[in-house]
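S.K.: Here it is, the structure in full.
Any read-out appearing in this document is the output of simple, stated calculations on the displayed coordinates, not a laboratory observation. These figures come from a predicted structure and were not determined experimentally. Neighbour counts run over all protein chains shown; Cβ positions are idealised from the backbone, glycine included.
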Amino acid sequence: VIDVMVFAAHGIPMADLADRLSVNLTLLLTAMAFKWVLSDSLPPVPYLTTMEIYVIATFACLWLQGLAFWFLADMYNYRCENDGEEGATDYWTGESLPNNTAIPMDATCALLQQIDRSVLMVEVMALVLKNVWFLYRIAINRKAKVMKETHYQDLGSLAEFSMTKDIKFIGDGEMEGIP
């Protein structure tokens, strides 16, 4: 759901960087909260689980989307801020340039719109690839295969790891005689 909601920010005009980034950052915080809940519900292991890698990939996609939004809004504000009219503003100095001046880093409003939609398509492809990878990992992570790869052995049946006696709580008053 978080990954799909990322696309909603492309419905906001490029010039509204604050609105676009608010959607982006809200989803990033949501993904972080999901990661936090996930880490509380999974046992601690010394490696990244498939789900953790998936969430980290979501972080990376949101970070890259935020950078793309910033770049596009910055370019849009210098080229198209006059009600969609092509403007000639120097990107580095912010000064208006004469019409016959060669503009470094020139980008038209139409090109910026195409770049924005291309970023959206890259995000869609990243979502599809990430989910295909996730489903593949889930399909191959069978218990027998994981046990073989990690040399996992269930020690629960050994006497050393089973509780034959009930555990008794020892209060503060009873602790004095115990070394």
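S.K.: Using 10 Å bins from zero, what percent of all Cα-Cα pairs in the stretch 1-76 falls into each bin?
M.R.: All Cα pairs, binned at 10 Å, distribute as 18, 46, 23, 11, 2 percent.
S.K.: Order 7-18, 37-48, 63-74 from most to least packed using the mean count of other Cβ atoms within 10 Å. Please report the intermediate quantities before stating the final value.
M.R.: Working: 7-18: 15.1, 37-48: 8.7, 63-74: 17.1.
So the order, starting with the most tightly packed, is 63-74, 7-18, 37-48.
S.K.: Can I ask one more? So if each residue of separation counts as 0.36 nm, and I subtract the Cα-Cα distance between A15 and M32, what length gain in nm does that give? Intermediate values should be presented prior to the final figure.
M.R.: On the way: separation 17, 0.36 × 17 = 6.12 nm, distance 2.71 nm.
Gain in length upon complete extension: 3.4 nm.
S.K.: Could I ask something else about it? Measure off 7 Å from each Cα along the Cα-to-Cβ vector at W63 and L25, then give the distance between these two points in nanometres to one decimal.
M.R.: Going from the W63 label point to the L25 one covers 1.7 nm.
S.K.: While we're on this one: Could you tell me the ratio Rg/Rh of the stretch 29-70? Both radii from Cα atoms, Rh via Kirkwood.
M.R.: Details: Rg = 11.9 Å, Rh = 11.2 Å.
For the stretch 29-70, the value is 1.07.
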